[in-house]
Amino acid sequence: MKRVHIVGCPRSGTTLLMELMSTCFASSGYCEHEMSIFEAPPRIAMPEGSADAYFSKQPNDIKQLRHIFLQDPQLHIIYMGRDPRAVICSKHRQNPQQYFSNYRIWRECDRAAQRYQGHPRFLQLRYEDLVSDPDAVQSNISSHYAFLRQQHLFSEYQRFAQPSAASRQAMNGLRQVNTASLEKWRQHLPRIAQQYQRYPRLVDDLVRLGYEQDKGWLDALQGIAGISYPCRYPERRAHIKEWEKALRVYLKSRRYLSNLQTP
C-alpha cells in the first residue's frame, strides 16, 4: 500500500493539507491527526471504492527521513513550505502567550527538504499557493501522484470534512480555505525584529524562496525594537539531546527497513 506522508515546519499548514487530502482524495485510511513515519499504518480490509493509499502527517518528520525515504518505494512525501515570518509569528490556541516555532526550527526543516528536491516521490508545496488557489494545488498534487483519485474539490472541503478535535484546534476551527492569515505577521513586528536580529539569514531565505524580491520589506522594521518572547522551541540547540534523538531515529529506521523485508 502506498503511503502519502505530510511534513513541514510546525505551523506551516500541514494540518490543513492533511484535512484536505483525507477529505478530497479517496484512500484506504488516514491518521486522526498526527502519526510518526515510523508507525506502520493499520492493516485493514480494503472496502469497495477505496484507493490504495494511506494518508498520514507529522510535521517534524521531514528531519527523520534520510535513512528510509530512498529505500521505500511505497513512501511518498508532501512537504508544506511557508513564509518563515508567518511561521515564527504563529501562536497555538492552547497557549496564546507563547509563540509556537522560531527561525531555527524553520531553517532546519527547510534544509532537510532540500535533500529531496527533484525526487519523483517528493512534492514541495507552498502554504500561500494552497490558500490562494486550492484547486490549482490539488491539480498539482494529482499530476505528481497519479495514483490518487479525487472525490471533492479542495475549495469545497469544508462541506465534507470531519476533522478530529485535535485537528480543529490546530486549525482554529473548520472553515473554507482563505487567505486571511497571509499578512498576519505584520501584526507581530517586534517578534520579527528580534528573530531577524538573531538570524540575519532570514532576509536571504525570503529572497531565495520568492517571498520577497529584495530587502525592501525591512523598512517595516524601522524604529521597531526586537522583543524576545516565550517560544515552545528553544533558540539554542541541545546538542546532547539531539545526538540521543539522532541515535533513536537511526535505530527506528533500521527497524523500519527491516519490516519492509517482512511479507
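Structure above, values below:
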{"read-out": "Charge context of VAL4, other residues only, Cβ under 12 angstrom, K/R +1, D/E -1", "value": "+3"}
{"read-out": "Portion, in percent, of the accessible area of the stretch 129-260 that falls on carbon or sulfur, probe 1.4 Å", "value": "48 percent"}
{"read-out": "Listed residues PHE160, PHE25 arranged by accessible area, highest first, probe 1.4 Å", "value": "PHE160, PHE25"}
{"read-out": "Relative contact order computed over the stretch 49-195 (Cα-Cα under 8 Å; 6+ residues apart), in percent", "value": "27 percent"}
{"read-out": "Of SER143, SER155, SER253, the one that fluctuates the most in a GNM where the chain has Cα springs shorter than 10 Å", "value": "SER143"}
{"read-out": "Cysteines, the chain, no other Cys beta-carbon under 4.7 Å", "value": "CYS24, CYS31, CYS89, CYS231"}
{"read-out": "Helical mean residue ellipticity (222 nm; -39500 (n - 2.57) per DSSP H run of 4+; nearest 500) of the chain", "value": "-10500 deg cm²/dmol"}
{"read-out": "Expected-Rg normalisation [2.2 N^0.38 Å, Cα atoms] applied to the chain", "value": "1.03"}
{"read-out": "Rounded accessible area of VAL177 (nearest 10 Å², 1.4 Å probe)", "value": "20 Å²"}
{"read-out": "Accessible surface of the stretch 18-98 [probe 1.4 Å, protein heavy atoms]: carbon and sulfur percent", "value": "43 percent"}
{"read-out": "Mean Cα-pair separation over length for the chain, i.e. relative contact order, pairs under 8 Å, 6 or more apart, %", "value": "24 percent"}
{"read-out": "Point-charge dipole on Cβ atoms (K/R +1, D/E -1) for the chain, about Cα centre, debye to 20", "value": "960 debye"}
{"read-out": "Rounded accessible area of MET1 (nearest 10 Å², 1.4 Å probe)", "value": "90 Å²"}
{"read-out": "Segment GLU39-ARG115, extension gain: residue separation times 0.36 nm, minus the distance between their alpha carbons", "value": "25.1 nm"}
{"read-out": "ARG236-ARG159 pseudo-label distance in nm [points 7 Å out on the Cα-to-Cβ vector]", "value": "5.4 nm"}
{"read-out": "Highest-MSF residue in the chain out of ASP129, ASP219, ASP204 [GNM, Cα springs under 10 Å]", "value": "ASP219"}
{"read-out": "In Å², nearest 10: area of GLU34 left accessible to a 1.4 Å probe", "value": "80 Å²"}
{"read-out": "Sparsely packed GluC sites (Glu not before Pro) within the stretch 198-242, loop by DSSP, other Cβ within 10 Å at most 14", "value": "GLU235"}
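The values are calculated or read from the model by the stated rules, or taken from the named source; none is laboratory data. None of these values were measured; they are calculated from a predicted model. Don't worry about glycine lacking a Cβ; one is built from the backbone with ideal geometry, like all the others, and counts go over all protein chains shown. Areas reflect the complete protein model, heavy atoms only, side chains present, ligands, DNA and RNA absent. Shrake-Rupley method; radii C 1.70, N 1.55, O 1.52, S 1.80 Å.
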